[in-house]
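Please read the structure below before turning to the comments.
The values are calculated or read from the model by the stated rules, or taken from the named source; none is laboratory data. Note that the structure is a prediction, hence the values are computed from the model and not measured. As a convention, Cβ positions derive from the backbone with ideal geometry for all residues, glycine included, and neighbour counts pool all protein chains shown. Heavy atoms of the whole protein, side chains included, go into the accessibility calculation; ligands, DNA and RNA do not. Shrake-Rupley method; radii C 1.70, N 1.55, O 1.52, S 1.80 Å.
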Protein chains: 2
Amino acid sequence: MRADALKNHEKIVEVAAQVFSEKGLDAPIDDIATRAGVGAGTLYRHFPTRDDLIDAVVKSWMNQIDAAADQVVASGAPARVALMEWFETYVSRISRNKGGPAKITSAMGKSESPIYSKCETLRLANDRVLSHLRERGELRDGVDSLEVCRLIGGIAVVADQGTLPSDSIHSMLTVVIEGLVSSDHAVGDSSRE
Amino acid sequence: MRADALKNHEKIVEVAAQVFSEKGLDAPIDDIATRAGVGAGTLYRHFPTRDDLIDAVVKSWMNQIDAAADQVVASGAPARVALMEWFETYVSRISRNKGGPAKITSAMGKSESPIYSKCETLRLANDRVLSHLRERGELRDGVDSLEVCRLIGGIAVVADQGTLPSDSIHSMLTVVIEGLVSSDHAVGDSSRE
DNA sequence: ACCTGAACACCGTTCAAGT
DNA sequence: ACCTGAACACCGTTCAAGT
């Protein structure tokens, strides 16, 4: 790749990250091209579809996701606490840009999507958390990791369109978590309070 | 209202229902105008925003929603069965047109939306089902009707974008339902099998 | 080999001119 | 009073012409 092409490529990704965070993932492509100082054709050469560009921008978040999942597993926290922490991280990461939850969740499990590998990273991180809890017998049987991603993604999508009361996400996550933990642990141990 | 205006109004709604079901709620407005045999300006006069048009089209579904909720309540079925039946109806109704789940769920609780009254109908129907189960002590405390609508709406949104395996919705609903039923009833009564 | 930007297409929305 | 449809705006995408 020629030096100017490489420079353009990097500049476009840098500017796209900025524009996406200001205007959301549906921001006009031309805004990005203009602010990156390149012609529209150049942007399309480097990133034929919007998803290719999103894929490049999203790349840097994924280490954080992995770290968060591993940390939750390492903490050894009980299922409810661990899941709430993990799911809140999950929601906040994919909601970093407006339109993110819808984009990411709709690409989940679609191997032909340009952002598929990022979705896989998410799904695998989620799988690690769930598997860990399942081994300890804290999870209901028949819980599928991909479905949990979609469920949490659905909550993030709803939260992303319009402003919800801030504790609303927490309440919805609570319902899902109660639905995930195994019934042996579900009955409130009143020794808590 | 003049006779020709009334006729146009009705024709537009009729054609819109057809076009929406073919191409989804994001179908080009002009397709509707053309097929209704009116100019674009006429359509905008009758329905200043897309949501006004959607509101008119959606109107006829709502009796079905009410009927379904009442029937579930009247059946006296146990919580899991009642909720699954109700939620499946809920999802299928709002998913009747592509883009429906997102439109409806994002308008939920926003009183300034042109389709607000339809969302209220949905929420109130949901509330009737939940209240009935709560009275019988089958529901966990602190469950808010609006949040449940958003949760189920989130599932419908995810299902609406891209084709999921057909039993995937059912699995996700199961998780939510397990999270909603009160723990007194949550422990598997093994007398079942 | 890569870049530019004018050109085209598509669609939402308005408004002057008609009846 | 209501309708028409040309006109404008906006944005995605392509491609002939440049370097």
Other-copy label distances relative to residue A:26, 7 angstrom Cα-Cβ extension, nm: 0.7
Nearest-first distances (nm) between copies at residue A:183, label 7 Å from Cα via Cβ: 1.4
For B:157-164, mean number of other protein chain Cβ atoms within 10 Å: 6
Residue-wise HN-Hα coupling along segment B:159-176, computed from phi with Karplus coefficients 6.51, -1.76, 1.60 (Hz; x: Gly, Pro): 5, 6, 9, x, 8, 8, x, 4, 8, 5, 4, 4, 5, 5, 4, 4, 4, 4
Rg(Cα) / (2.2 N^0.38 Å) computed for chain A, rounded to two decimals: 1.18
Net charge contributed by nearby residues that have their C-beta within less than 13 Å of residue B:169 (K/R +1, D/E -1): -4
Placed amide H near residue B:98: partners under 5 Å, 5+ positions off or other chain: B:24, B:25
Cα centroid separation, segment B:35-111 to segment B:117-187 (Å): 16
Separation of the residue A:11 and residue B:163 label points, Cα + 7 Å toward Cβ, nm: 4.4
Accessible surface of residue A:23 - all protein chains present, 1.4 Å probe, nearest 10 Å²: 110
Virtual spin-label span in nm between residue A:70 and residue A:21, 7 Å along Cα→Cβ: 2.4
Cβ-placed point charges (K, R +1; D, E -1), dipole of the protein assembly as shown about Cα centre in debye, nearest 20: 1120
17 Å Cα-Cα reach of residue B:103 towards lysines, excluding residues that sit fewer than 8 places from it in its own chain: A:98, A:103, B:23, B:59, B:118
Anisotropy class of the protein assembly as shown from Cα gyration tensor, a/c 1.5 cut: oblate
Scattering curve values for segment B:1-48, log₁₀ I(q)/I(0), Debye with Cα scatterers, q = 0.13, 0.14, 0.27, 0.28 Å⁻¹: -0.25, -0.29, -0.99, -1.05
Inter-chain shielding of B:177-183 (mean C-beta neighbours from other protein chains, 10 Å cut-off): 5
Computed [θ] at 222 nm, deg cm²/dmol, chain A (DSSP H ≥ 4; -39,500 (n - 2.57); rounded to nearest 500): -22000 deg cm²/dmol
Relative contact order %, segment A:42-127, counting alpha carbon pairs below 8 Å whose residues are six or more apart: 37
Taking chain A and dividing mean pair separation by its residue count, relative contact order in percent (alpha carbons under 8 Å, at least six apart): 22
